[in-house]
Every structure is written in C-alpha cells, then in structure tokens.
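We did not get these values from a lab; they are worked out from the coordinates using the rules stated. Only a predicted model underlies this, so the values are computations on that prediction, with no experimental measurement involved. No Cβ is skipped: glycine too gets one built from the backbone with ideal geometry, and neighbour counts run over all protein chains shown.
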Amino acid sequence: MNSFLVTEWTDTVTGAKGYLALDRVFDGVAGGGIRMKEGVSKEEVQRLAHTMTLKLMGLGMPIGGAKAGIDYPSNKADSKDVLYRFLEAHKPFLEQVWGASEDLGTTKEDIVRIVTQLGLESPVDAFLYRMDSSTKEVILNNLKESLSLNVDGVTITDLVTGLGVANSTLEALKSISLNPEEATVSIQGFGSVGASTAKYLNNAKVKIVSVSDVSGTLYNPEGLDVELLLKAKDEKGNINRSLIPENYIQSNRSDWLTYEVDVLIPAAIADAINDENESQIQAKLIVEGANIPVTIEAEKQLFDRGILVVPDFIANSAGAGFFGTILYKGIGPDAYKIFDYLSNQVSSTTEWILRKAKEENISPREAAVLFLDTNQVKINVAENV
C-alpha cells in the first residue's frame, strides 16, 4: 500500500508503537480516526487510511484519507496517557494537515480534551487552517454544536455510521427484491456501529435474529428484541446476559456468520470473514459495517458463490462524512439535515453500484471503483481497493 506519508512513533514511557498514515492529501488536508488496540500494525493503519480516502471520495468530499493506530490495549489504566503523548508528538500534523476523530479504542471526549490541552481549538483544526477568521469562527461553532447533538438521548456521532449502514442494507435488499419485513439479519459487534445499525433496521421492520459481542452470540429465529438489547448493552457494546430472555440461544461468538439469514453485517473487527470461515456463510448479502472486515480473497470466493458484498467504503461511509457535511456542504448543526444528506448519499451510491454490478456481471467492489472513477475522475486513487 503506497501512502502519501506514514509516521512511526515509539512511546518513551511504555514502548508502545504508533503510526499515522496519510493515504492522500487533497487541498492540503486528510481526515481519519485514531485506533488504539493491542496488535495494530502499520500495514493495517495504511489499509484503513486508504479505505478512508475511498469513503470520502464516494461522498464527494474534497478530503484525503488518514488513519492513526496505537499498538496498546485501550483498557489499560494508562492508555489515555499514551494517547496524549501520541497526539502531542503529532501536534504539527493536527495543526495543519490531519483532522482527527475517534475510532476503535478511543473516544471523541478524550480526543477533544487532549487537543484542547495541547492548545488547539478542535481535533479538526487542520480543516480550518486556511479559512479566514470570520468563516473559521462560524464553522467552528457549527462543529461544536453538531458534536453535541443527540437523537433519542444518543450522540449523533454514535448513530450516524449505523444509520448509513442500515440504509445501505435496505438498498441492498431492494436489489434482490426482498422486502424489509421479510428479511433476516445477523450482526457481528454491538458497539456504536452495530447497535445503531440494529436500531435503524429494527425501525424499518427488518428482523434481527442474531447479534454477537465479546461474550458470544445471541440467536432467536423469531427475532431479537432490539430495544431490550440496546438497554442491556454497556458503552463498549457488551450485552448484560442477565437481562436476556431464556429462549435466546447463546453460543460461541463466531457463530453469528453461520446462520441461515439474508444479510450478514460484520461491524466489529478487520478480517472477520476470511479464507477459513467464508465457506460457512449462507447469507445472500454482506454489508460491511466495520472497516476491512472481509479479506479480498474471501470476498472473491463469496462473489463466485453468488454472495454480494457491499464494500465498507460505501456502506459505512456516513461516519467519515460527518465533518465534511459541515465543512464543505454548508449544513448547520441540525441532526436530521445531517442524517438526511448522508443517508441519501449512501443509499444512492449503494443503489448505483449494485445495479452496475448486475448489469456488468462484476462484483459490487468493482462497480464501486467504477463509481469513484466516474464521479472523481480528477483524483486518481481508485487503485488497490
């Protein structure tokens, strides 16, 4: 993977390794989240940064893709200190080039607190760097107000990605002529993306029959009570088993992909579907809620079996576009206007790539590359997707 720039950092206190990958820089800036987990590698960070570029292109945002990763357990007591030192070391990038956000193992609140301590106004100061003072003030106020928005008691940033994944799923169901109320879905992961995806699919009358978290898989062929699960989960997506009905089948956490359902939504980890388990899949569709959750080799094998995979840089791109709606699309701090814009973008793009895939007898990923080529011909980054 050829990134524009990659930094390698070593924490002087713990020895933790960290990386910042700027996949592409458009108009002087790139945007992407900070991942903290044990085992994260430079190669993973570069892949995620490239995916970020593709997401932003698909949404028509003039922003390059970036990603940071810190190889350190996010649940350790000193993890926030490690995050502080990583961001302190990368302050020049935060000031002028890199707009940062949360990702696996980090929170928006911690990032905002740390960059403020470092003397910055926001994690996206780089996007504001070239603006005149009056425009900067308006945009900064809109950003701060937008970040504080919530819907039904949940912050907008915890909902927007899952809303996009749900809308992408609904478009995918249309492509196989399946009504939402007739469809069954299994979801891996019940953090902010998996939970919000389940919430919005449940609102659309889709039956969620299986959900997995770190403790295992819950399954009920008649459908899970999504509202109950949302109340039973903690902030990290772990579901309290003492609140689960006795008729729910509890099994290994890998079982989520083995059930005979219409749609699988991997919304947890990278490479969750791979050469070793793709043969167990019985679904008709896979909609990628997580970043790079299906290996390229497994995706090719699934396509040969007639199973369509809606790629991550289309399906879960709404979260990536959140800041761009305010910075570049002139949308103010209105949750429903932000939701409408991003939902429409994700839905229309999903419809386009699945129609094109069927017409050309190619995979949805190949069709998505055609979409990027068609809509972003001036930016040649569609290779190696």
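Here are a few things to note about the model shown:
- Length released on extending from residue 129 to residue 8, taking residue separation times 0.36 nm less the Cα-Cα span: 41.1 nm
- Volume per residue for the range 91-216 equals 144 cubic angstrom (convex hull of Cα atoms).
- Pairs from 80/108; 174/199; 42/356 whose Cα-Cα separation, in the structure shown, is over 22 Å: 42/356
- Distance from the C-alpha centroid of the range 127-163 to that of the range 53-95: 18 Å, rounded to the whole angstrom.
- Each helix, a run of at least 4 DSSP H residues, gives -39500 (n - 2.57); summed and divided by the residues of the chain, these come to -12500 deg cm²/dmol at 222 nm.
- For the chain, share of DSSP beta bridges that run antiparallel, in % to the nearest 5: 50 percent
- Between the beta carbons of residue 144 and residue 373, assuming R0 = 35 Å, the FRET efficiency works out to 0.45 to the nearest 0.05.
- Kyte-Doolittle mean at least 0.5, axial Cα span of 27 Å or more - DSSP H helices of the chain: 156-175
- Per-selection metrics, the chain (Cα): Rg and Dmax in Å: 19.9, 60
- Annotation: amide H of residue 101 within the under-5 Å range of 32, 33, 34, sequence separation 5 or more or interchain, hydrogens built in the peptide plane.
- Set 55/236; 76/337; 144/205; 144/337 screened for pairs whose C-alpha atoms are more than 27 Å apart: 76/337; 144/205
- Between residue 204 and residue 137, the C-beta separation translates, for a Förster distance of 35 Å, into a calculated FRET efficiency of about 0.35.
- Straightening the chain between residue 228 and residue 271 buys 12.6 nm, computed as 0.36 nm per residue apart minus the Cα-Cα spacing.
- Alpha-carbon Rg/Rh ratio, for the range 5-130, with Rh computed the Kirkwood way: 0.94
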